Every structure is written in structure tokens, then in C-alpha cells.
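Heads up: the structure comes next, in C-alpha cells.
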Amino acid sequence: MSDDVLPGAPDTTGPGAAPSAAPGRRIVLGPFNRVEGDLEVSLDVAGGTVVAAYVNSPLYRGFEQILPGRATLDALAIVPRICGICSVAQSLAAVQALEALGGIVPAANGVRARNLILGAENLADHLSHFVLFFLPDFTHPAYAGRPWHGEAQRRLTALRGSATAWALPARAGLLKVMGLLAGHWPHTLGLQPGGTTRGVSASERLRLIALLADFRRALETHLFADRLEHFSALDSAEALAAWGQAQASVGVMGEAAFFLAIARDLAQSSHDLAALGRASDRFLSVGAYGGGGEGFTGDAANPAPLLASGRWSPESGVQPWSAQDIREDVHSAWLAEVPPVHPAQADTVVDADKPGAYTWCKAPRYAGEVVEVGALARQVVDGHPLARDLVARHGGSVLARVAARLLELARVVPALERWARELVPGEPFCHPAELPASGSAAGLIEAARGSLGHWVTVERGRIVRYQIVAPTTWNFSPRDATGIPGPLEQALVGLPAGEGALPLVQHVVRSFDPCMACTVH
């Protein structure tokens, strides 16, 4: 990266693009490899430092315009196709919106099965992101002088590294859970209002338990080189560092400890991953792996979430959250200008020539504030001491986000094992019920990358409005009407922009694990 527009990349100073650069140079990065969907980032550089960032989601797909006019249940076939890697999350958000619409209480077995299905997808995403998308950036030639670079090339080279050799079979094995519980993946129709469509026999339940045992074994052998419970018990940055150094001292490091060794070495340079990539330090989680909706009753069919809901800020800690405080701001999007509005009242109207706009992505805000969503948000809101300590020291950083995903792998696998044991063959997996002809409702869940919401309005059995706010819409949102940048745009400011700094930009971008296909609808 240099203080110039990259060769072959368009300058973004024309009509309908990012605002004119500040004094200095503009760098345009994109498209990014190993990212789902299209992404372009424009950086304004002055004095060798990024002083402003503009994130462009350039692919418009129009799902929010496809759905109106269709039968209510058609949403279950259409919205999973928003994305091929988090289709279960989209499906479950739609299912929970329709359950709220009809006041439907799902079967307890169905809730457990849905948590297993969503958990398998989320953990497969976390594993894929860490090993296959994030870590290969450390093989970049800019790191050739580092003592660990040769080992990084052996372990982490995309498609050829030793990490790929175990991670892909582990991921494939975990996704067999989909075959048993949902029929297939992606784009299953196995999740329906009232539960899931496929019951599980006693022998299939044992098969599920065995599949999860195999996944645990792969993580404990290769990723952590330790028990999951030992990693999830780490309670501070010092404990995390000591855990990694203990593995390094005996020369047997899993991929997690090897990453910590890289981060420890880079901490002596301008590439300190524990201090870079900080955004708003305000986090939101709608609660993960519960029964559904905003009000959890705590019973078998609607259990309290495994990971708590709430919003967190340094000033007030964890506070209750309300979906009524969400607004969508379209000021910087190629969409017709309207004041910020709640998703239940929002429409998606294209204005491709809108002056000053530079992305198709809306800017969701919670109570007027920029918030970050994702694994780090979930762990901070839930109160995990390691996540809280990392944020207290340096805010939400590259290291904090990556550590939070590792925590989720360690913390959620035991929950999946418990839910598999709690399945009761022979009891119902679904309580089917009729949906009302008219009404409005929302479904809010935690996908791998953060909070996902679906808002639906139905009249006479037909969808008249359907709005979606996805995790990457939160994290990669543009400036709002007040000029406040979104989380990634904030996280990129202050990065060095001189020779060899390109991998650092990639680390920050990838620390959010973007799914651009889900971002714009």
C-alpha cells in the first residue's frame, strides 16, 4: 500500500462515490479476497496515516423488494438464499418472525434442534474464518523477516497449509448435523414455525452425539491443543498470554496458540493486534441460542438464551435492549432520502444517482449510537471476563474479536453436546399452526457475525413489507446523517499506510468477518 490510488482501482471522487478525499491521497482497496460478496474500501491518507475510511458495499440484490406481494410462507424459501454460508441464520430469523406473528410456541424438541442447527452453522463459520480466511494473511511477503513466517507458510498457506488439512474435514463433519436435523444445507426448509420438520430417532441422536464428539476432538487436538473448558476458563489478557506461552514453551502449539505467538511478536511493532482496529466500543447482542423473540420465559419451549442479550458501553456497562430503539439511516446509501426510521416502517427505494452516497448499505443505529455486533459483542454483553478485560485494555481490537470467536468455539460446543443429549425421540419436534392473514412481527437472532433482524408486515396473507438488518450491515455501515462513521470506518482510522501496511488493513477488515452478500438486500 502506498499514498496513492492502487493501480487498476477506480478513483472514488466522481458522482455517486465516496466524498472527496481530505488533503493527501486516497487509496482504494478492493475487491477483497476470501470475503463473501463484494467489498471496496477507500482510505484517505495524510502523513502516512489513515485519516478517514469509506466502506462501499457495491452489490445491490433487492431481496427486500422481491418479497412484497408473495404469500407469507414464501419467505421461508426466499430469505435463506440471501447467503450460502449463513442461510440457517436467515431462515431462523424468518421463522421466529412468523412465530411471533402467529403467537406460535415451538416444540421443545424443535427449539433444541434449531439451536443445534444454528450452532453448527455458526461454529463452522467461526472455524472457517479463523483458519481459512483470517490466518492466511500472516503468510504475506510483508512478514518475511519475522521469525515465525516460515512456520506460518507451512501451516497457514491458503488451501495448502497443514491447518487446512484438518479444518476442512472437521467442518464437513460438523455440517453433517444439518443432514440429520435439517435434511440438507444450505437453504434448508427444515426450520418452520412451530419447530423443525424432521424428528430424530434414538439411533440418530447417538449419531449426533458422536459427530459433536468428533468435532470436539478436532478442536482439542489441532485448534486449541487443550481442553475446550480450559480455554473458556481464561479470565484475563494475562491468562490468555500465559496459556499461549505455555504451549510455545513445550513446542506443541495449536493454531490458536500459534496465532497468539504471532500477535505477541507483532506487539513490538506498529502492527500490535491487541491495540489496533478499535471502533465505537459499544456493543449489542440480541441474545443467542434461546427460544425466540425479545421475551424469554425460561421454559423448555422458550428458554433463556445461552448468551445474554443487552447493550454494553464503557460508561454504563450492560443495559437492557429494545428492538424499538433500532433505526435505519440511508443518508450515505444509494437509496431515496428519508429520515431515520424503524425497520418495521422502512422501505427500500433505489436512488442510484443520489449525491454524496457511496454504498448500497444502510446505516443501522441503536438509540442513535454506532454499535458493533458479533462474537466480541456477545461475549462482552454476556460478561465473559476475558472479553471484558481485552476491551477494557484496548477497546474492541483485532485480537479481541479473534479471541471472542475462539471463546465461542470453546463455549458453545459443550452446549451443543447438552442439547443433543436432551433431544427426546418420539416426542414432537414441531407444533404446526395457522398463520394470521394480517399483522406485523420481528424475528431477532444472533448469527455467526452478529445480530440479525427480520421485520415482516402481512396483509390478507401476503407480505407487504419485509426488512432485514444483517450483522455486516451494522459493522460495515457508512456515515449516518450526522456524519458519524460506522464501526469498520472507525476501526481503520489511525492505521499506518506506508510500505508493508496492506496486511494490517486486511487484519482489521477480516477481524469483523464480513459477509457482504448479507449486507445489502
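Laboratory data are not the source of any read-out in this text; all were calculated from the coordinates shown. Computed from a predicted model, the values in this text were never measured in an experiment. Note that each Cβ is placed from the backbone with ideal geometry, even for glycine, and that neighbours are counted across all protein chains shown.
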Between the range 350-426 and the range 151-228, what's the alpha-carbon centroid distance in Å? 21 Å
Looking at the chain, identify the longest residue range that excludes and avoids all trypsin sites (Lys or Arg not before Pro) in DSSP loops having at most 16 other Cβ atoms within 10 Å. 228-459
Taking a label point 7 Å from the Cα of residue 25 along the Cα→Cβ vector, which residues of the range 474-505 have an amide N closer than 18 Å to it? 493-505
At q = 0.23 Å⁻¹, what base-10 log of I(q)/I(0) does the Debye formula yield for the range 360-400 when every alpha carbon is treated as an equal point scatterer in vacuo? -0.79
Using the Cα atoms of the range 113-271, I'd like the radius of gyration and the largest Cα-Cα distance, Dmax, both in angstrom. 18.3, 57
How big is the charge dipole of the chain about its Cα centre, in debye rounded to the nearest 20, if each Lys and Arg gets +1 on its Cβ and each Asp and Glu gets -1 on its Cβ? 1040 debye
Among all helices in the chain defined by DSSP H, which have a length of 15 Å or more along the axis from Cα atoms plus a Kyte-Doolittle mean of at least -1.0? 87-102, 108-128, 162-182, 202-218, 237-250, 255-266, 398-422
If I model a spin label at residue 268 and residue 230 as a point 7 Å from the Cα along the Cα→Cβ vector, what separation in nanometres do I get? 2.7 nm
Percentage of interatomic Cα-Cα distances in the chain larger than 42 Å: 15 percent
What translational diffusion coefficient, to the nearest whole µm²/s, does the range 210-339 have by Stokes-Einstein, given a Kirkwood radius computed over alpha-carbon pairs, a temperature of 25 °C and 0.890 mPa s viscosity? 130 µm²/s
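Just to confirm the filter: which chymotrypsin sites (Phe, Trp or Tyr not before Pro) across the range 302-383 are DSSP coil and have at most 14 other Cβ within 10 angstrom of their Cβ?
Answer in residue order: no site qualifies.
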In nm, spacing of pseudo-spin labels at residue 70 and residue 437 (7 Å Cα→C-beta vector): 2.3 nm
Can you pull a Stokes-Einstein diffusion coefficient for the range 381-521 at 4 °C (1.567 mPa s), Rh from Kirkwood over Cα pairs, as a whole number of µm²/s? 69 µm²/s
Using alpha-carbon positions, the gyration tensor of the range 61-129 gives root eigenvalues a ≥ b ≥ c; with a/c under 1.5 called rounded, otherwise prolate if a/b exceeds b/c, else oblate, the class is oblate
If R0 is 22 Å, what FRET efficiency do you get for residue 349 and residue 481 from their C-beta distance, rounded to 0.05? 0.85
How far is the Cα center of the range 239-294 from the Cα center of the range 48-108, in Å? 29 Å
Lys, Arg +1 and Asp, Glu -1 on Cβ, resulting dipole of the range 462-518 about Cα centre, debye, nearest 20: 360 debye
Within the chain, longest stretch free of exposed GluC sites (Glu not before Pro) [DSSP loop, at most 13 other beta carbons within 10 Å]: 1-314
